[in-house]
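S.K.: Quick one: structure below, then a few questions.
Please treat every number below as a calculation from the coordinates, not as lab data. No experiment lies behind these values; they were computed from the predicted model shown. Neighbour counts are summed over all protein chains in view; Cβ atoms, including those assigned to glycine, are modelled from backbone coordinates with ideal geometry.
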Amino acid sequence: MAKASDLLVAALEAEGVDHVFGIPGEENLDLIESLRTSRIRLVLTRHEQAAGFMAATCGRLTGRTGVCLSTLGPGATNLVTAAAYAQLGAMPMLMLTGQKPIRSSRQGHFQIIDTVGTLRPLTKYTRQLVSADSLPARVREAFRRAEDERPGAVHLELPQDVAGDATDATPIAKSYSRRPLAEHKAIARAADAIRAARHPLLMIGAGANRKTTARALRGFVDRLGIPFFSTQMGKGVLDETDPLWLGTAALSDHDYVHRAIDAADCIVNIGHDVIEKPPFFMREGRRTVIHVNYDGAEVDAVYFPQLEVVGDIAEAVWRLGEALEPQPHWDFAFFDRVRAALCDQLAERSQDGRFPMACQRIVADLAQALGPDDITCLDNGLYKLWFARNQRCRRPNTLLLDNALATMGAGLPSAIAARIVHPARKVVAVCGDGGFLMNSQELETAVRLKLDLVVLVLRDDAYGMIKWKQAHEDYPEFGMDLGNPDFVKYAESYGARGHRPASADELLPLLRQVLAIPGVHLIDVPVDYGEDDWLLNDEIPRLSAAVE
């Protein structure tokens with residue numbers, strides 16, 4: 001006979017779990033004791049929200065379910081934002097929360113909320129574990145749901161009395177499964193549409209960010225020579241230094257990539273997810289749009305594809321490639337001109353000497369300091385548009401940004417998780433001052449774990465993206481400015497090292513220096529968003545419109 005909490009940990013081990021992130025409470029002390037003797041590493045965090053972001057990022061990077069835990073009540077509600085982050089971002093994550101005894105309790109309703117009901121709209125699966133004997137089935141089902149396409153968040157609640165129950169149940173082994181394959185007539189119709197097109201174009205979305213799909217897409221593009229662009233969460237699936245790359249749909253419209261989209265008469269959407277901001281606006285009769293994904297297209301006012309290829313994406317892409325040959329009537333000359341103009345524009349401000357710094361210079365300097373396999377984790381703010389648009393990723397999941405929930409506060413926790421998953425790679429968190437201070441306490445977690453990590457804090461002493469939107473919509477400036485601590489001293493108070501460049505030319509050497517020195521480093525970089533409204537809403541649309 002085993003204790004239920006021991007069985008739960010054994011089930012987590014059977015699922016391949018390496019880390020559990022979170023903060024314990026008195027209701028899950030049995031579980032903590034079971035973890036103490038497990039090979040699974042408990043990573044104690046300073047806030048449950050950060051624990052959830054870390055678990056979700058582990059799921060994003062590995063494809064296996066990341067796990068976080070909290071106590072009941074306030075600990076559980078602190079996981080709500082992280083649940084939405086994983087659910088909208090398609091990151092497999094399991095939340096384990098505690099609860100008062102369900103058979104008898106002498107504390108009335110103290111701290112008790114309906115956690116299962118609270119998390120139901122934000123998860124694929126949520127259950128209270130009411131008996132030790134049913135625990136293996138619940139855990140196996142939770143992991144299956146979390147990892148099935150489309151991946152997302154799941155939740156199990158373990159009451160205090162159930163955790164201590166005895167059982168002779170054992171973990172349930174994973175089953176072997178294959179995703180359904182696309183129907184051959186759908187492949188044939190899609191191939192016919194691509195073959196007949198004059199200006200076909202490939203779009204890579206978040207659902208394509210899987211290893212086998214990336215390999216299949218590489219073969220597809222090499223075989224057919226069709227140009228491609230990506231959504232923000234599809235960046236790096238294909239090497240963006242490739243001569244067929246046409247950019248990232250970081251803006252909603254009127255960028256260079258949108259000129260190529262407007263010229264395309266057939267767009268093949270690989271792994272498009274309507275949770276991301278629309279990469280283009282569909283208009284009736286303009287072009288044929290082919291949807292290739294694990295699930296059928298969710299029809300939206302701006303997305304209603306004419307053809308759908310539903311099934312395993314990698315296999316569908318491979319079969320499409322085998323069914324096609326390059327066509328003599330395919331014409332990519334305009335796409336080539338768009339690419340040349342885009343690349344010229346991307347290089348234009350990469351050496352901008354302004355201080356406080358321009359985001360384009362920060363993106364360029366960081367790209368020079370990091371290798372192709374190193375990882376940049378973004379929080380959420382105006383700088384995210386510049387990283388999405390200007391950084392040319394060479395590998396999948398090397399620019400971790402959130403274009404689904406787009407929450408603030410995830411950048412530093414995400415970077416901590418990335419460093420844990422990939423200890424041989426350099427990892428940099430890029431945060432605005434607003435987002436950084438939402439989970440800045442996790443600097444202590446990084447220091448305690450003895451991680452090598454660089455945190456770039458872009459400081460404008462305001463909620464800069466909303467301030468930019470406020471100005472763009474001609475509202476008077478109000479309610480956006482804030483005060484900040486001395487970030488260098490703040491980092492040092494946690495045992496990290498703080499740095500502050502005095503000019504734009506000092507950032508790149510400083511980045512190279514701190515990336516070579518072990519430990520946690522914070523760099524306080526003053527940033528200037530003053531020209532961004534003009535650049536994003538006037539200058540870039542004007543320049544892109546000039547491409548003929």
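S.K.: Quick one: check the C-alpha center-to-center distance for the stretch 311-339 versus the stretch 188-247, whole angstrom.
M.R.: Using only Cα atoms, the two centres lie 7 Å from each other.
S.K.: Next question, about the same structure. Taking a point 7 angstrom from the Cα of residue 141 along the C-beta vector, which residues in the stretch 74-96 have backbone N less than 17 Å away?
M.R.: So the set is 94-96.
S.K.: Something else about it: Please report the projected area of the stretch 184-332's Cα convex hull averaged over all directions, in nm².
M.R.: The Cα convex hull of the stretch 184-332, projected and averaged over all directions, gives 7.7 nm².
S.K.: Still on this structure, please answer the following. So, with +1 on the Cβ of K and R and -1 on the Cβ of D and E, and no other charges, what is the size of the charge dipole of the stretch 2-167 about its Cα centre, to the nearest 20 debye?
M.R.: For this selection, approximately 280 debye.
S.K.: Could you please report the charge total around residue 9, scoring K, R as +1 and D, E as -1 over all other residues with beta-carbon less than 13 angstrom from its beta-carbon?
M.R.: Value of the local net charge: -2.
S.K.: Which residues' amide hydrogens lie under 5 Å from the amide hydrogen of residue 247, considering only partners 5 or more residues apart or on another chain, with H built in the peptide plane?
M.R.: Hits under the 5 Å cutoff: 230.
S.K.: Nothing charged except the Cβ atoms of Lys and Arg (+1) and of Asp and Glu (-1): what's the magnitude of the dipole of the stretch 97-194 about its Cα centre? Round to the nearest 20 debye. Intermediate values should be presented prior to the final figure.
M.R.: Numbers: 16 positive and 12 negative charges, 46 e Å.
Charge dipole, the stretch 97-194, about its Cα centre: 220 debye, nearest 20.
S.K.: For the chain, what is the per residue volume of the convex hull drawn over the alpha-carbon atoms, in cubic angstrom?
M.R.: So the per-residue hull volume is 153 Å³.
S.K.: Pairs 235/469; 426/467; 124/174: which exceed 21 Å Cα-Cα? Before the final figure, lay out the partial values.
M.R.: Details: 235/469 25 Å; 426/467 32 Å; 124/174 19 Å.
With Cα atoms farther than 21 Å apart: 235/469; 426/467.
S.K.: Now, a different point. Rounded to the nearest 0.05, what FRET efficiency do residue 181 and residue 373 have when you use their Cβ-Cβ distance and R0 = 30 Å?
M.R.: On the way: r = 32 Å, r/R0 = 1.06.
Step by step, r from the Cβ atoms, then E = 0.40.
S.K.: Sticking with this structure for a sec: Stretched out fully, how many nm does the piece from residue 112 to residue 478 gain, at 0.36 nm a residue minus the Cα gap?
M.R.: Numbers: separation 366, 0.36 × 366 = 131.76 nm, distance 3.93 nm.
Stretched out fully, the residue 112 to residue 478 stretch lengthens by 127.8 nm.
S.K.: Run the numbers for residue 62 and residue 33: contour at 0.36 nm per residue of separation, minus the present Cα-Cα distance, in nm.
M.R.: 7.8 nm
S.K.: Would you work out which of 304, 282, 231 lies farthest towards the positive end of the dipole of the stretch 225-338? Charges go on Cβ: Lys and Arg +1, Asp and Glu -1.
M.R.: Looking along the dipole axis, the top candidate is 282.
S.K.: Moving on. Please give the FRET efficiency for residue 286 paired with residue 173, using the beta carbon to beta carbon distance and R0 = 56 Å, rounded to the nearest 0.05.
M.R.: 0.65
S.K.: Using the basic label-point model (7 angstrom from Cα toward the beta carbon), what is the residue 461 to residue 195 distance in nanometres?
M.R.: It works out to 6.5 nm between the two label points.
S.K.: ³J(HN,Hα) across the stretch 478-483 via Karplus (A = 6.51, B = -1.76, C = 1.60, θ = phi - 60°), whole Hz, x for Gly/Pro?
M.R.: Each residue's phi maps through the Karplus curve to give 6, x, 10, 7, 9, x Hz.
S.K.: Along the stretch 128-134, what does the Karplus equation 6.51 cos²θ - 1.76 cosθ + 1.60 (θ = phi - 60°) give for ³J(HN,Hα), rounded to whole Hz, x for Gly and Pro?
M.R.: So the J values, rounded to whole Hz, are 8, 7, 9, 8, 5, 5, 8.
S.K.: Could you tell me the center-to-center distance, by alpha carbons, between the stretch 391-412 and the stretch 449-469 in angstrom?
M.R.: Distance between centres, Cα-based: 14 Å.
S.K.: Further question: Highest mean first, what order results for 162-173, 448-459 on Cβ atoms within 10 Å?
M.R.: Sorting 162-173, 448-459 by mean packing, highest first, produces 448-459, 162-173.
S.K.: I've got another one for you. Grab the beta carbon distance between residue 330 and residue 517, set R0 = 60 Å, and tell me the FRET efficiency rounded to 0.05.
M.R.: 0.75
S.K.: What residues of the stretch 487-519 lie in the reach of a label at residue 448, counting those whose backbone N is under 15 Å from a point 7 Å from the Cα along Cα→Cβ?
M.R.: From the stretch 487-519, the list is 494-496.
S.K.: Want the number for residue 252 to residue 104: 0.36 nm per residue separation, take away the alpha-carbon distance, what's left?
M.R.: Stretched out fully, the residue 252 to residue 104 stretch lengthens by 47.8 nm.
S.K.: Would you mind pulling out the separation of the Cα centroids of the stretch 346-371 and the stretch 43-100, in Å?
M.R.: Rounded to whole Å, the Cα centres lie 34 Å apart.
S.K.: Taking Cα atoms, how many degrees apart are the long axis of helix 333-348 and the longest axis of the chain, rounded to 10 and kept between 0 and 90?
M.R.: That helix lies at roughly 70 degrees to the long axis.
S.K.: Report, by chain and number, residues whose modeled amide H sits under 5 Å from the one on residue 93, excluding near sequence neighbours (fewer than 5 apart, same chain).
M.R.: When sequence neighbours closer than 5 places are left aside, the close amide H contacts are 66, 152, 153, 154.
S.K.: Let me ask you something else. In whole Hz and in residue order, list the ³J(HN,Hα) couplings for the stretch 257-273 that follow from phi through the Karplus curve 6.51 cos²θ - 1.76 cosθ + 1.60, θ = phi - 60°; x for Gly and Pro.
M.R.: 4, 6, 5, 5, 4, 5, 7, 6, 9, 8, 10, 9, 8, 9, x, 5, 10
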